[in-house]
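What follows is a short report on a single structure.
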Amino acid sequence: MSASITHSATTGRDDAMDDPDWWRQAVVYQIYPRSFKDSTGNGIGDIRGITERMDHLSALGVDAIWLSPFYPSPLEDGGYDVADYRNVDPLLGTMQDFAGMVSAAHDRHIRVIVDLVPNHTSSRHPWFQEALHAPRESSARDRYIFRDGRGANGELPPTDWTCGFGGPAWERVEDGQWYLHMWSVGQPDLNWNNEEVRRDYLDTIRFWSDCGVDGFRVDAAQSLVKDMDRDDLNDWSLQYDALPSDGSHPMYDRNELHDVYREWRRVFNEYDPPRFAVAEAWVNPARQYLYASADELGQVFNFEFAKADWTAEGMRRAIASGLAAARESGSTTTWVMSNHDVPRHASRYGLPQVPARGYHQIAQDWLLRNGGSYMEDRALGTHRARAAILLELALPGSAYIYQGEELGLFEVADIPWTELEDPTAFHSGDGNPSATRKGRDGCRVPLPWRHDAADGFGFSPAGSGAEPHLPQPAWFSCLNAQDEADDPDSMLALYRRAIAMRKTLEGMTSGTAGTASSVAWRPENGGDIIAFERGNWICITNFGAEPTPLPQGEVVLSSAELMPDSTVPSDATVWLHATETA
Ligand code: NOJ
């Protein structure tokens with residue numbers, strides 16, 4: 001089932017890669033491989049494409065790349081439906097290409113993190129195919145969650161749950177049983193109370209660790225272990241925005257789940273340096289720290305930035321919760337403004353900052369109220385995105401940046417319905433044409449590497465004439481890596497300067513400083529101003545409409561031109577070195 005290992009655990013490593021704390025204050029760049037760079041001319045990004053663009057990542061200064069799934073997959077959920085956990089999708093390359101990519105990254109001291117998707121497999125996974133043809137109560141079925149239905153003939157699903165993309169969370173199979181899928185029908189949930197499932201996952205972790213990967217991002221980490229035998233299941237839903245703080249939910253964040261991660265940690269620690277992991281865990285904030293503790297995964301995503309509006313109050317709350325979770329776990333926190341599931345923040349910040357119903361809602365609320373047109377103020381969005389990245393990079397912890405945000409890309413919100421790939425678009429509102437949510441493709445459009453539109457703005461090889469798998473907008477000719485690399489005022493130039501400078505500023509080294517999880521709030525902090533310092537490094541962001549005075553110090557970086565009277569303009573962040581006052 002899995003590919004053979006063709007290279008050693010030490011691929012491309014040298015002494016500089018030995019630091020076991022590298023991830024504590026890292027800048028991690030998320031790659032959505034199918035949309036990063038196409039090296040073959042089929043319109044789909046691939047592993048060699050990543051290798052080809054390693055110099056872009058090195059010039060950006062990132063410490064690590066995290067690859068969203070590149071495994072064989074029928075793509076019912078952008079690759080988060082995995083048919084073989086231990087191989088590369090042939091459309092994206094080979095294991096040999098993967099080894100080359102890891103070496104190219106390590107040569108530049110860039111670590112590699114891969115995605116683990118343990119909650120569910122693809123329905124094309126050999127285990128699920130076996131389960132479909134196996135009898136009830138068989139060991140093949142026990143790897144998944146099969147149940148009899150309700151009603152006189154079992155014709156009703158075991159519970160009324162709705163799955164993540166809309167529609168029922170249960171699907172009926174030929175012999176009348178139902179299987180659980182929290183996400184799409186092509187993503188059957190694994191049964192983590194099954195010993196074989198647990199053991200097999202340890203093999204997957206060892207497999208990629210032996211291939212030289214430095215860490216893992218754990219998908220839907222809150223949902224693995226379930227208590228499916230209690231009779232109050234229907235009193236709960238699969239929504240996870242208000243989970244209990246005592247581990248009592250039958251499906252999420254159960255106490256037994258943490259035994260799984262403690263077992264994984266023992267495997268991570270078999271390696272030198274130990275492998276690292278970051279959890280995507282949608283849980284009650286009071287329990288986030290469990291996932292990040294040293295005997296479990298090590299770090300957990302803090303999505304409060306991705307959820308917050310562009311207001312000082314929202315951002316201050318997000319910062320406070322991230323720092324508190326880090327202190328509790330004894331780890332460092334993470335900062336995330338965008339990823340492959342969220343509308344791009346340069347667009348979110350350019351929209352009216354109306355209270356949103358939820359995580360993915362900001363753009364959609366506005367979109368719907370405006371008859372489908374997407375009315376962001378792009379100049380404002382860019383201005384704020386520049387301020388936001390300096391704020392984020394000044395905070396202690398790891399910053400996760402999503403491919404294309406360094407180019408200042410906006411959400412591509414006008415992809416025609418017929419060209420969308422995300423299951424959200426097919427299932428919300430009970431299917432097209434009454435679907436109400438376009439989903440996540442707008443942030444997954446293939447990247448523009450050059451200004452001329454040919455070959456997908458340089459996404460595919462020159463002269464290939466390939467069509468990118470999602471349509472690109474004409475405005476990519478103004479926001480692309482080629483032009484921005486030569487423009488000192490571009491978003492790319494700002495990201496490069498900020499990441500390089502962050503490494504030299506107080507608190508950014510590993511060791512004791514690398515564990516930093518607090519800031520000292522400045523007297524200017526409050527109202528529309530967020531201002532803090534770390535050592536002699538001061539960061540001030542002005543969210544208000546009026547300029548605000550600069551703190552005493554030497555300006556080292558600014559997201560916008562400073563006012564002649566030395567004030568911080570509206571929607572700008574400034575970094576300063578504190579100078580001694582007389
Ligand atoms: C979270 C991933 O980020 C998302 O893209 C995916 O759809 C779900 N988990 C299910 O795997």
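The values are calculated or read from the model by the stated rules, or taken from the named source; none is laboratory data. As the structure is a computational prediction, the values presented were derived from the model and not from experiment. Counting neighbours? That spans all protein chains shown, and the Cβs are built from the backbone with ideal geometry, glycine included.
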Looking at residue 152 and the list (1) closer than 24 Å to residue 77 by Cα; (2) without any contact (Cβ under 8 Å) to a residue 60 or more places away in the chain; (3) hydrophobic (A, V, I, L, M, F, W, C), which single condition is not satisfied? (1)
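Which residues, counting only those in the range 101-151, are assigned to a strand (DSSP E or B), of a type in the set (A, V, I, L, M, F, W, C) and in contact with a helix residue (DSSP H, G or I) (Cβ under 9 Å, 6 or more places away or on another chain)? Even if it seems obvious, please write down each step before you answer.
At the first step, the residues of the range 101-151 found to be assigned to a strand (DSSP E or B) are 111-116, 120, 144, 146-147, 150.
Of the ones still in play, those that are also of a type in the set (A, V, I, L, M, F, W, C) are 112-114, 116, 146.
If the condition is that a residue be assigned to a strand (DSSP E or B), of a type in the set (A, V, I, L, M, F, W, C) and in contact with a helix residue (DSSP H, G or I) (Cβ under 9 Å, 6 or more places away or on another chain), then 112, 114, 116, 146 are the ones that fit.
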The condition of being surrounded by fewer than 21 Cβ atoms within 10 Å (Cβ to Cβ), in a loop (DSSP other than H, G, I, E, B), modelled with pLDDT under 95 and polar (S, T, N, Q) holds, among 353, 364, only for 353
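Per-residue answers, yes or no, for (1) under 24 Å from the mean Cα position of the chain (by Cα); (2) within 16 Å of the ligand (Cβ to nearest atom); (3) among the basic types (Lys, Arg):
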residue: 81; (1), (2), (3): yes, yes, no
residue: 86; (1), (2), (3): yes, no, yes
residue: 110; (1), (2), (3): yes, no, no
residue: 118; (1), (2), (3): yes, yes, no
residue: 126; (1), (2), (3): no, no, no
residue: 133; (1), (2), (3): no, no, no
residue: 137; (1), (2), (3): no, no, no
Which of the residues that make up the range 85-100 are crowded, with 19+ Cβ neighbours inside 10 Å and part of a loop (DSSP other than H, G, I, E, B)? 85, 86, 87, 88, 89, 92, 93
Condition test on residue 161, is it more than 17 Å from residue 221 (Cα to Cα) and within 16 Å of the ligand (Cβ to nearest atom)? yes
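Go through the range 540-572 and give me each residue that's among the charged types (D, E, K, R) and either crowded, with 19+ Cβ neighbours inside 10 Å or in contact with a Gly (Cβ under 6 Å, 6 or more places away or on another chain) (or both).
Our first condition is that a residue be among the charged types (D, E, K, R); within the range 540-572, this holds for 546, 554, 561, 565, 571.
Matches in the range 540-572: 571 only.
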Residue 210: away from the ligand (no atom under 16 Å from the Cβ) and within 25 Å of the chain's Cα centre (by Cα), yes or no? yes
What are the residue pairs meeting all of these: first residue in the range 291-310, first residue without any contact (Cβ under 8 Å) to a residue 24 or more places away in the chain and part of a loop (DSSP other than H, G, I, E, B), second residue of a type outside the set (Asp, Glu) and surrounded by fewer than 24 Cβ atoms within 10 Å (Cβ to Cβ), Cβ atoms under 6 Å, and 6 or more apart or on different chains? 308/314; 308/315; 308/318
Are there any pairs, at least 6 apart or on different chains, whose C-beta atoms fall under 9 Å, with the first in the range 118-142 and free of Cβ contacts under 8 Å to residues at least 12 places away in the same chain and the second part of a helix (DSSP H, G or I) and among the small types (Gly, Ala, Ser), and if so, which? 130/140; 133/140; 134/140; 138/131
Condition (residue is at pLDDT 95 or above, more than 24 Å from residue 181 (Cα to Cα) and touching a Lys or Arg at 6+ places or on another chain (Cβ under 9 Å)) applied to the range 76-92: is it met by at least one residue? yes
Residue check, residue 185 within 16 Å of the ligand (Cβ to nearest atom) and within 30 Å of residue 59 (Cβ to Cβ): no
Index of the failed condition, residue 52 passing every other in (1) closer than 30 Å to residue 463 by Cβ; (2) buried (at least 24 other Cβ atoms within 10 Å of the Cβ): (2)
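Could you say which residue among 479, 447, 470, 409 is touching a Ser or Thr at 6+ places or on another chain (Cβ under 8 Å), surrounded by 23 or more Cβ atoms within 10 Å (Cβ to Cβ) and in a loop (DSSP other than H, G, I, E, B)? Working first, answer last.
Details: 479 fails: touching a Ser or Thr at 6+ places or on another chain (Cβ under 8 Å); 470 fails: surrounded by 23 or more Cβ atoms within 10 Å (Cβ to Cβ); 409 fails: touching a Ser or Thr at 6+ places or on another chain (Cβ under 8 Å).
Matching residue, one of 479, 447, 470, 409: 447.
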Looking only at the range 64-79, filter to residues that are in contact (Cβ under 8 Å) with a residue 60 or more places away in the chain and farther than 17 Å from residue 123 by Cα; which one of those is farthest from the ligand (Cβ to nearest atom)? 64
If I filter the range 548-582 down to residues being aliphatic (A, V, I, L, M) and touching a helix residue (DSSP H, G or I) at 6+ places or on another chain (Cβ under 9 Å), which single residue comes out as farthest from residue 520 (Cα to Cα)? 560
For the range 515-563, which residues satisfy the criterion of being more than 25 Å from residue 25 (Cα to Cα) and among the aromatic types (Phe, Trp, Tyr)? 543
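Give me the residue from the range 320-350 that is aliphatic (A, V, I, L, M) and crowded, with 24+ Cβ neighbours inside 10 Å and, out of that set, farthest from the ligand (Cβ to nearest atom). Before you say what the answer is, go through the steps one by one.
Of the range 320-350, the ones aliphatic (A, V, I, L, M) are 320, 323-326, 336-337, 342, 346.
Then keep just the ones that are crowded, with 24+ Cβ neighbours inside 10 Å; that gives 325-326, 336-337, 346.
Values: 325: 19, 326: 22, 336: 11, 337: 15, 346: 20 Å.
The extreme case among them is 326.
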For the range 244-290, enumerate the residues that are more than 26 Å from residue 209 (Cα to Cα) and free of Cβ contacts under 8 Å to residues at least 12 places away in the same chain. 246, 248, 255
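Give the residue that is nearest to residue 423 (Cα to Cα), with candidates limited to residues of the range 187-241 that are assigned to a loop (DSSP other than H, G, I, E, B) and without any contact (Cβ under 8 Å) to a residue 12 or more places away in the chain.
Of the range 187-241, the ones assigned to a loop (DSSP other than H, G, I, E, B) are 187-188, 191-194, 211-214, 219-232, 236-241.
If we keep only those that are without any contact (Cβ under 8 Å) to a residue 12 or more places away in the chain too, we end up with 229, 231, 239.
Details: 229: 30, 231: 31, 239: 17 Å.
Ranking the candidates gives 239 first.
Which one is surrounded by the fewest Cβ atoms within 10 Å (Cβ to Cβ) among residues in the range 61-78 that are more than 20 Å from residue 51 (Cα to Cα) and small (Gly, Ala, Ser)? Outline the logic, then answer.
Let us first name the residues in the range 61-78 that are more than 20 Å from residue 51 (Cα to Cα), namely 73-78.
Keeping just the survivors that are small (Gly, Ala, Ser) gives 73, 78.
Numbers: 73: 25, 78: 21.
Out of the qualifying residues, it is 78.
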Tell me, which residue of the range 167-176 that is in a loop (DSSP other than H, G, I, E, B) and surrounded by fewer than 19 Cβ atoms within 10 Å (Cβ to Cβ) is nearest to the ligand (Cβ to nearest atom)? 167
I need a count of the residues in the range 472-523 that are in contact with a His (Cβ under 6 Å, 6 or more places away or on another chain) and modelled with pLDDT under 95. 0
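This table checks each residue for (1) surrounded by fewer than 23 Cβ atoms within 10 Å (Cβ to Cβ); (2) more than 25 Å from residue 293 (Cβ to Cβ); (3) away from the ligand (no atom under 16 Å from the Cβ).
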{"site": "155", "(1), (2), (3)": "yes, yes, yes"}
{"site": "203", "(1), (2), (3)": "yes, no, yes"}
{"site": "206", "(1), (2), (3)": "yes, no, yes"}
{"site": "218", "(1), (2), (3)": "no, no, no"}
{"site": "226", "(1), (2), (3)": "no, no, no"}
